[in-house]
1. Report, by residue number, each residue of segment 26-50 that is touching a Cys at 6+ places or on another chain (Cβ under 9 Å), buried (at least 16 other Cβ atoms within 10 Å of the Cβ) and over 13 Å from Asp76 (Cβ atoms).
2. Quick one: Ala40 ticks every box in (1) part of a helix (DSSP H, G or I); (2) aliphatic (A, V, I, L, M); (3) under 15 Å from the mean Cα position of the chain (by Cα) except a single one, so which number is it?
3. Could you tell me which numbered condition Pro6 fails, if it satisfies all but one of (1) farther than 19 Å from Met112 by Cα; (2) at pLDDT 95 or above?
4. Please find, within segment 78-90, the residue that is surrounded by the fewest Cβ atoms within 10 Å (Cβ to Cβ) out of those that are part of a helix (DSSP H, G or I) and touching a Ser or Thr at 6+ places or on another chain (Cβ under 9 Å).
5. Which of the residues belonging to segment 74-98 are in contact with a Phe, Trp or Tyr (Cβ under 8 Å, 6 or more places away or on another chain) and under 16 Å from Ala15 (Cα atoms)?
6. Please state which one of Leu116, Leu102 is at pLDDT 95 or above and among the hydrophobic types (A, V, I, L, M, F, W, C).
7. Phe108 - would you say it is closer than 23 Å to Asp140 by Cα, in contact with an Asp or Glu (Cβ under 9 Å, 6 or more places away or on another chain) and aromatic (Phe, Trp, Tyr)?
Amino acid sequence: MVLCGPAGSGKSTFAQQVIDRHKDRGFQTTMIVSSDACRALVCDDEANQQVNRDTFDLFYYIIGKRMYQRRFTIADSTALLPNARRHLLDLAERHHYSKHLLIFNVSFETCMQRDLQRKRRVGEQVIAYHIGLLKQTLLDVQGENWDAVSLLNEQNMEAMEANVDISL
């Protein structure tokens, strides 16, 4: 499951809620592979954008190893760039995984409001850039080889999280 959306759109919160809701089915927080967590592992600072190359080498490596072990995985990054989604699609195809993209189509205003409530803020400029990438993603994704694409917004996010049906 690939989460895609701007900073502050609720991707990490959504992922954790899916895990919490399905703990009785064996879901664990280790099922979430987060680019922020990988960045922190690389340099002890999840906000340091200077280590993105190493961060994403680790991100894709962990996802690939989890897939090799046939473990359900939630890829938690913005995934707003076509090459990032392509890399995740390639991994899933190589390991014969179902490929589900969840796009967090959340407004600039909501992302900004949530950003102000976080410890690590990314700011207005980054969120505006991400919103532009999101608009392009919504056009591009139709030509990508996903088995399923779901659009989440402020209104349907909670219902989608409650209805995630994954066979482990």
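1. So in segment 26-50, the residues touching a Cys at 6+ places or on another chain (Cβ under 9 Å) come out as 46, 50.
Still in the list and also buried (at least 16 other Cβ atoms within 10 Å of the Cβ): 46.
None; the set is empty.
2. Only one criterion in (1) part of a helix (DSSP H, G or I); (2) aliphatic (A, V, I, L, M); (3) under 15 Å from the mean Cα position of the chain (by Cα) is unmet by Ala40, namely (3).
3. Every listed condition holds for Pro6 apart from (1).
4. Of segment 78-90, the ones part of a helix (DSSP H, G or I) are 82-90.
Narrowing further to those that are touching a Ser or Thr at 6+ places or on another chain (Cβ under 9 Å): 82, 84-85, 88.
Working: Pro82: 15, Ala84: 19, Arg85: 23, Leu88: 24.
Step by step, filter segment 78-90, then rank; the result is Pro82.
5. Within segment 74-98, Ala75, Ser77 qualify.
6. On the way: Leu116 fails: at pLDDT 95 or above.
Unique residue meeting the criteria: Leu102.
7. Values: closer than 23 Å to Asp140 by Cα: yes; in contact with an Asp or Glu (Cβ under 9 Å, 6 or more places away or on another chain): yes; aromatic (Phe, Trp, Tyr): yes.
Yes.
The values are calculated or read from the model by the stated rules, or taken from the named source; none is laboratory data. Keep in mind that what you see is a predicted model, and the values were worked out from it rather than measured. Note that we place each Cβ from the backbone using ideal geometry, even for glycine, and neighbour counts take in every protein chain shown.
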